[in-house]
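Values quoted throughout were computed directly from the atomic coordinates according to the rules given, and no laboratory measurement underlies them. Note that the structure is a prediction, hence the values are computed from the model and not measured. Because the Cβ atoms are built from the backbone with ideal geometry, glycine has one as well, and the counts that use them run over all protein chains shown.
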């Protein structure tokens with residue numbers, strides 16, 4: 001079952017005086033020649049805005065690509081520090097392009113400010129069969145893990161959009177639900 005696999009991939013937050021810090025540094029020395037000059041990204045970056053109302057503007061993909069040009073083929077890695085986690089964000093959808101574009105327009109700037117390394121994987125079901133989110137998550141998970149080594153996996157929904165960039169897209173010791181209050185239910 002996908003959820004069992006995903007939740008065992010949780011990684012720990014690394015502290016500089018912790019032995020695990022050295023493991024994080026080793027991981028980047030091979031891939032980044034400037035890793036020794038960088039420090040770990042802050043647990044609480046100063047550039048977070050907190051609550052922001054949703055931007056319900058819907059753009060096309062070309063506008064989103066030019067607006068969020070910090071992304072490279074659906075992947076982002078901070079350039080000023082070493083990210084504490086590598087996060088795969090899996091988004092299944094079908095026939096919901098407007099919702100997908102609204103989600104990306106709101107989530108991308110919020111996650112970017114969190115100084116985590118992340119990849120976004122949108123998987124679309126085609127055909128007339130019953131929508132099967134589990135199969136889509138499995139397919140996206142296999143693809144993401146074959147493409148890159150992630151520490152954390154976030155199973156996202158097109159309809160759930162974070163309104164606060166202090167709601168971190170990261171993993172801890174235990175699985176958690178990122179949406180604790182939903183607009184549809186008057187935030188209760």
Only residues that are within 16 Å of residue 115 (Cα to Cα) and surrounded by fewer than 15 Cβ atoms within 10 Å (Cβ to Cβ): list them for region 129-166, please. 164, 166
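Can you name every residue in region 124-166 that is free of Cβ contacts under 8 Å to residues at least 12 places away in the same chain and either within 26 Å of residue 47 (Cα to Cα) or in a helix (DSSP H, G or I) (or both)?
Selection gives 135, 142, 146.
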Could you grab me the full set of residues in region 44-62 that are within 19 Å of residue 160 (Cα to Cα) and more than 19 Å from the chain's Cα centre (by Cα)? 53, 56, 57, 58, 59
Mind listing whichever residues of region 111-123 are assigned to a helix (DSSP H, G or I) and touching a residue at least 60 places away in the same chain (Cβ under 8 Å)? 113
Among residues of region 50-102, those that are part of a strand (DSSP E or B), out of contact with any helix residue (DSSP H, G or I) (no Cβ under 6 Å at 6 or more places or on another chain) and under 22 Å from residue 117 (Cβ atoms), counted: 7
